Amino acid sequence: MSTMTIAKAINLGLRRALQADPKVLIAGEDVGKLGGVFRITEGLQAEFGTNRVIDSPLAESGIIGTAVGLTMRGYRVVAEIQFDGFVFPAFDQLVTQVAKLHARTAGRQPMPMVVRIPYGGGIGAVEHHSESPEAYFCHTPGLKVVTPSNPHDAHWMIQQAVASPDPVIFLEPKRRYHVKGEVNSEQRPAPMHQAGILRQGTDATLIAWGPMVRTCLDAAAVAAEEGTSVEVVDLRSLAPIDWVTLASSVRRTRRAIVVHEAPRTLGLGAEIAARLHEDLFYDMESPVLRVTGYDIPYPPSRLEDEFLPSADRILDALDRSLAW
């Protein structure tokens with residue numbers, strides 16, 4: 001058992017993936033000599049060489065297009081998109097090639113590649129550096145979408161993503177990169193697409209992923225001081241969603257609140273709310289509520305605290321749910 005940051009845990013997971021399979025490659029802008037903007041790949045090029053940890057040109061469509069070709073030749077590419085808002089020049093390759101080649105070839109051409117995307121706000125960045133684009137990818141059949149919220153999951157899930165036979169969008173909560181936690185590098189990991197219950201409760205379920213999990217845990221701790229028992233579910237996998245764990249939790253607590261940074265309209269929370277209402281209508285005491293970002297472009301850094309869901313906003317939704 002070791003204590004490390006999410007950033008270090010991903011680095012260690014990538015190192016183990018490179019050691020385990022000589023066909024694993026890492027590619028992206030500044031991932032080699034610099035070690036990436038967030039230093040996630042620091043030291044990997046020095047250890048594994050420039051043929052396996054590759055500094056690419058500044059061209060996201062080129063990074064993903066090249067990764068597709070390498071994957072078709074038998075490699076497992078871990079492609080890094082430097083910031084969330086930079087993924088859109090590569091969106092065509094991701095949704096029309098990466099997501100569809102397996103089905104288009106009747107299973108003859110698998111696409112075992114990973115696209116790492118630091119995402120979300122809270123770091124005081126400029127435009128195009130704080131997006132939450134998960135709904136675009138979850139809406140695309142053929143892509144798996146996962147996001148860790150703690151170092152232990154980050155360490156194991158990146159290795160599981162690399163080993164997956166399907167393409168995986170690996171979303172990394174950038175403002176949580178330096179959050180520390182315990183990592184057991186020998187413990188058998190949970191399945192990559194299984195949700196986790198991080199705090200048990202009886203009065204309501206908070207459903208979150210990535211950067212919002214910590215905020216929900218903080219809100220649940222405050223609620224406990226006020227006599228309300230709140231369960232916190234870390235979705236971990238956004239496509240596919242672990243509906244069994246989710247439904248089991250909400251069936252027990254009879255109330256649910258979904259929390260995410262992305263704008264509200266057609267965000268992933270809308271799909272979760274719809275599915276829970278369809279499946280658990282007669283089990284629930286109140287409608288599923290959502291605490292999200294607003295339906296505006298991501299604001300300047302001085303205003304982002306007003307945009308991002310906070311513990312206070314979550315507690316307000318909890319009060320409304322309990323009073324229904």
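The values are calculated or read from the model by the stated rules, or taken from the named source; none is laboratory data. Only a predicted model underlies this, so the values are computations on that prediction, with no experimental measurement involved. Here Cβ is always computed from backbone atoms with ideal geometry, including for glycine, and neighbour counts include all displayed protein chains. These area figures cover heavy atoms from the full protein model, side chains too; ligands, DNA and RNA do not enter into them. Shrake-Rupley method; radii C 1.70, N 1.55, O 1.52, S 1.80 Å.
Structural remarks
- Here Pro110 fulfils each of the conditions (1) in a loop (DSSP other than H, G, I, E, B); (2) under 24 Å from Leu235 (Cβ atoms); (3) of a type outside the set (S, T, N, Q); (4) touching a helix residue (DSSP H, G or I) at 6+ places or on another chain (Cβ under 7 Å) apart from (2).
- Among the residues of the range 295-324, just one is surrounded by 14 or more Cβ atoms within 10 Å (Cβ to Cβ) and touching a Pro at 6+ places or on another chain (Cβ under 7 Å), namely Phe307.
- Residue list for the range 149-178, restricted to those being touching a helix residue (DSSP H, G or I) at 6+ places or on another chain (Cβ under 6 Å) and either part of a loop (DSSP other than H, G, I, E, B) or modelled with pLDDT under 95 (or both): Ser149, Pro167, Tyr177
- Among residues of the range 235-252 that are under 15 Å from Leu198 (Cβ atoms) and in a strand (DSSP E or B), those with a Cβ under 9 angstrom from a residue that is of a type in the set (D, E, K, R) and open to solvent by 30 Å² or more (accessible area, probe 1.4 Å), sequence gap 6+ or separate chain, pair up as Ser237/Lys144.
- Every residue from the range 264-298 that is basic (Lys, Arg) and in a helix (DSSP H, G or I): Arg275
- Taken over the range 134-148, the criterion of being part of a loop (DSSP other than H, G, I, E, B), out of contact with any helix residue (DSSP H, G or I) (no Cβ under 6 Å at 6 or more places or on another chain) and touching a residue at least 40 places away in the same chain (Cβ under 8 Å) is satisfied by Pro141, Gly142, Thr147.
- Which numbered condition Ser130 misses (of (1) touching a Gly at 6+ places or on another chain (Cβ under 6 Å); (2) open to solvent by less than 20 Å² (accessible area, probe 1.4 Å); (3) not in a loop (DSSP other than H, G, I, E, B)): (3)
- For the range 26-57, filtered to residues that are open to solvent by 10 Å² or more (accessible area, probe 1.4 Å) and in contact (Cβ under 8 Å) with a residue 40 or more places away in the chain, the residue that is nearest to the chain's Cα centre (by Cα) is Phe38.
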